[in-house]
Amino acid sequence: MARPLTATLTEGSVAGQLRTLAIPMVWGLLATMSFNVVDTFYVAQLGNQPLAAMSFTFPVVLTITSLGIGLGAGTSSAISRAIGEGDSNSARRLATDAISLTFLISATMCLLGWLFLDPLFSLLGATPDLLPLIRDYMSIWFISAPFLMVPMVCLSALRALGLSQIQGYLMGAAALFNALLDPLLIFGLWGFPALELQGAALATLITRVLTFLVAFYILAARVHLLTYPWVAWHALSRSWKTIVHVGVPAMVANVIVPLATAVVTLMVARYGTDAVAGLGVAMRIEPLMLIAFYALSGVIGPFFGQNFGAGQPDRLARALSVLTRFSLGFGLLVAVLLWWFGGALASLFSEHDDVLKVAAFYLAVVPFSYGAYGLVMAVNAAFNGLGRPLPAMALSAGRVVYVFLPLALIGQWWLGLEGIFIATALSNVLVGLWAWWWLRHYVRIIQEKGLRQSNTPVLMEATHDSQ
């Protein structure tokens, strides 16, 4: 009989635990960010056409990645709450069924991508001369889709156990391996065939297959989080419903972020190519400045899930206090640094004065809202961990539709390009206040009424059928 799974996040220092969980994620996310940068760098050496062909694949890659992120959020939320309750059987059932659901969805995406590859990218605006190059890349990339999404869910399950360090190490190793394999297969070094764009896709496929094997081995053999996969359909569907309850809204919320960036880009485009280039430079720098917030949002969901499942609302309140202090303090530090050195950083990407002027203004103004934006990310993750995904989706959608767009239109009318960036900062601050108040209000309700999440009624039948 499998040993019980321990809720490791329900005791000890709240700040210490969050710090211990988040630090490995920072290094892992840095490595992951380098993954696409390295691919793009090597492909750029092949010429403009291969680089343009790869650029057309980004919307599809982003969509499939968003599916994996959403399913991972649903998996982490459900498993962490089950572990907090001390229900190891339900946690194992959820992890196993999450993998089967993810494999089914990713395999379907792979098949559809194969069947409709040319029509899909023609619809996205790819010209006939680029389609053969896109086909060379994506015909292999689509095969790698299951080996992208399934490890994402496996690693989310590990985060639910409080094992974020494993994800950090694995992400870092995968990025390094891909960076070493890329030039061998793209340019044909050391006796390897020169496969050019196909080589980039093949390097990605090989890296992801290895990541999948390692992640699955750890989940099955090291932490014993998987169980017998074959259960009755009605039990399986109940388990899947628990996962997608958080997963689908999380996926939608994740897609909203690049849509917001697209809206900003569209508004900036009316001021010319230099303005767009300046925004692009700032957008390259911004994710690196936000990486601590990304890491924290990746681990706060399991923390809230375990403590909610264990019925410890006071730890939720302390966690919110820690999140608030860290987000505002670290955000202010980053803002001051970019106020002084933002222009110098931007000059690493461009030498044109008009481009640098736009980038420098953005990096002098918007970063003063990074603390509030980081708080939004953390609050969204906390609500997902609590099994309440709709507030997170409402915050993400509201930030774009109800807050940013009206402010941006007013700012553009009043101050021009600078007004758009000021509106971006103000939107982050207002939504940050909204997010903080909403989570604080909900945590107080939990404290006063003693609410406690229970996965057991939903999964009791599934667990019984698996035994």
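What to note about this one:
- Only listed residue being assigned by TED's automatic domain parsing to the domain that holds THR102, under 24 Å from LEU131 (Cα atoms) and surrounded by 24 or more Cβ atoms within 10 Å (Cβ to Cβ), chosen from ALA194, ALA160, ALA203: ALA203
- Against the numbered list (1) surrounded by fewer than 21 Cβ atoms within 10 Å (Cβ to Cβ); (2) more than 23 Å from TRP240 (Cβ to Cβ), TYR137 comes up short only at (1).
- Check on PHE421, among the aromatic types (Phe, Trp, Tyr), over 27 Å from GLY280 (Cβ atoms), touching a residue at least 24 places away in the same chain (Cβ under 8 Å) and part of a helix (DSSP H, G or I): no
- Residue list for the range 238-282, filter: in contact with an Asp or Glu (Cβ under 9 Å, 6 or more places away or on another chain) and modelled with pLDDT of 85 or more: ARG238, SER239, TRP240, THR242, ILE243
Residues checked against (1) of a type outside the set (Gly, Ala, Ser); (2) surrounded by fewer than 16 Cβ atoms within 10 Å (Cβ to Cβ); (3) over 28 Å from MET152 (Cα atoms); (4) out of contact with any helix residue (DSSP H, G or I) (no Cβ under 7 Å at 6 or more places or on another chain):
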position	(1), (2), (3), (4)
ALA275	no, no, yes, no
VAL281	yes, no, yes, no
LEU296	yes, no, no, no
GLN306	yes, no, no, no
LEU333	yes, yes, yes, yes
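- Any hit, the range 65-75, residues being surrounded by fewer than 22 Cβ atoms within 10 Å (Cβ to Cβ) and touching a Pro at 6+ places or on another chain (Cβ under 8 Å): no
Residue by residue, here is whether (1) in contact (Cβ under 8 Å) with a residue 60 or more places away in the chain; (2) assigned by TED's automatic domain parsing to the domain that holds ASP87; (3) of a type outside the set (A, V, I, L, M, F, W, C); (4) in a helix (DSSP H, G or I) holds:
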{"position": "ALA107", "(1), (2), (3), (4)": "no, yes, no, yes"}
{"position": "TYR169", "(1), (2), (3), (4)": "yes, yes, yes, yes"}
{"position": "GLY172", "(1), (2), (3), (4)": "yes, yes, yes, yes"}
{"position": "ASN178", "(1), (2), (3), (4)": "yes, yes, yes, yes"}
{"position": "THR207", "(1), (2), (3), (4)": "no, yes, yes, yes"}
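- In the range 351-370, the residues that are modelled with pLDDT of 90 or more reach residues that are assigned to a helix (DSSP H, G or I) and of a type in the set (Phe, Trp, Tyr) with C-beta atoms within less than 6 angstrom, at least six apart or across chains, in these pairs: TYR362/PHE421; ALA364/TRP339; VAL365/PHE421; VAL366/PHE421.
The values are calculated or read from the model by the stated rules, or taken from the named source; none is laboratory data. Treat the numbers as computed from the prediction; the structure is a model and nothing was measured. Backbone-built Cβ (ideal geometry, glycine too); neighbour counts: all protein chains shown.
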